[in-house]
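Here is the structure we will look at.
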């Protein structure tokens, strides 16, 4: 059912976004993979490996101008937009107050995490749905599907994750109202809340730490593969009754303090 669909994937040059681009392309979709300009080389490598049905474009999700340019490219290249997958995001790890150094959490850091993760996700959605709304509805009246990325930290945030958990909790919180809002135009909205995945962020950790994290997952005791995130994203696209829901993808992991 993915064949012929057109998708925009943010954070598409690496990690969960790249896994989604690769799977969707293999299933016959055409994709605009958007990521920061600093990821241009990775994006171009992705295009080379997957062929002409994948186009990379540099895009900052918080920039209205960048997102509008990406959507113009989508329409010019493929004529429509059926699916949006929001994978772009950043993380931080700071306690609210360092009592040894008597230093509070920097407000700018907190604001930036929310700006990129939450505001950036909403920015891409608000601009993309106009193009989706031009689609001819299918038998169910569907015109498009939006998939956002939260995190288990939205529910089980650990020490030092106040900013990250807040940003991902906000994505969970806006999933249902967005689905209700866009239901009149046949656009579904779901969110995936992944646990510990084998992404560039975790690849940078020592092997000992990676093994410890893997063993904290009840089953299977390993880090998730971006392909498994992409598999769920595809299932959301293909199942017309999935709407307004956040789905944990974590091997029954519940993060400890």
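The values are calculated or read from the model by the stated rules, or taken from the named source; none is laboratory data. None of these values were measured; they are calculated from a predicted model. FYI the Cβ positions are ideal-geometry reconstructions off the backbone, even for glycines, and counts take in every protein chain you see.
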Name the residue that is nearest to residue 74 (Cα to Cα), counting only residues in the range 24-43 that are at pLDDT below 95 and either within 17 Å of the chain's Cα centre (by Cα) or surrounded by 12 or more Cβ atoms within 10 Å (Cβ to Cβ) (or both). 43
I'm trying to understand the selection: among the residues of the range 182-197, which are closer than 25 Å to residue 238 by Cβ and touching a helix residue (DSSP H, G or I) at 6+ places or on another chain (Cβ under 7 Å)? 182, 187, 188, 189, 190, 191, 192, 193, 194, 197
The residue from 163, 179, 214 that alone is in a helix (DSSP H, G or I), buried (at least 17 other Cβ atoms within 10 Å of the Cβ) and in contact with a helix residue (DSSP H, G or I) (Cβ under 6 Å, 6 or more places away or on another chain) is 163
For residue 219, only one of the following conditions fails: (1) touching a helix residue (DSSP H, G or I) at 6+ places or on another chain (Cβ under 6 Å); (2) surrounded by fewer than 13 Cβ atoms within 10 Å (Cβ to Cβ). What is its number? (1)
Counting only residues that are more than 17 Å from the chain's Cα centre (by Cα) and without any contact (Cβ under 8 Å) to a residue 12 or more places away in the chain, which one in the range 141-190 is nearest to residue 88 (Cα to Cα)? 177
Would you mind telling me which numbered condition in (1) in contact with a helix residue (DSSP H, G or I) (Cβ under 8 Å, 6 or more places away or on another chain); (2) farther than 18 Å from residue 237 by Cβ; (3) surrounded by fewer than 24 Cβ atoms within 10 Å (Cβ to Cβ) residue 129 fails? (2)
Of the residues 201, 205, only one is surrounded by fewer than 16 Cβ atoms within 10 Å (Cβ to Cβ) and under 18 Å from the mean Cα position of the chain (by Cα); which? 201
Suppose the filter is closer than 28 Å to residue 200 by Cα and buried (at least 19 other Cβ atoms within 10 Å of the Cβ); does residue 56 pass it? yes
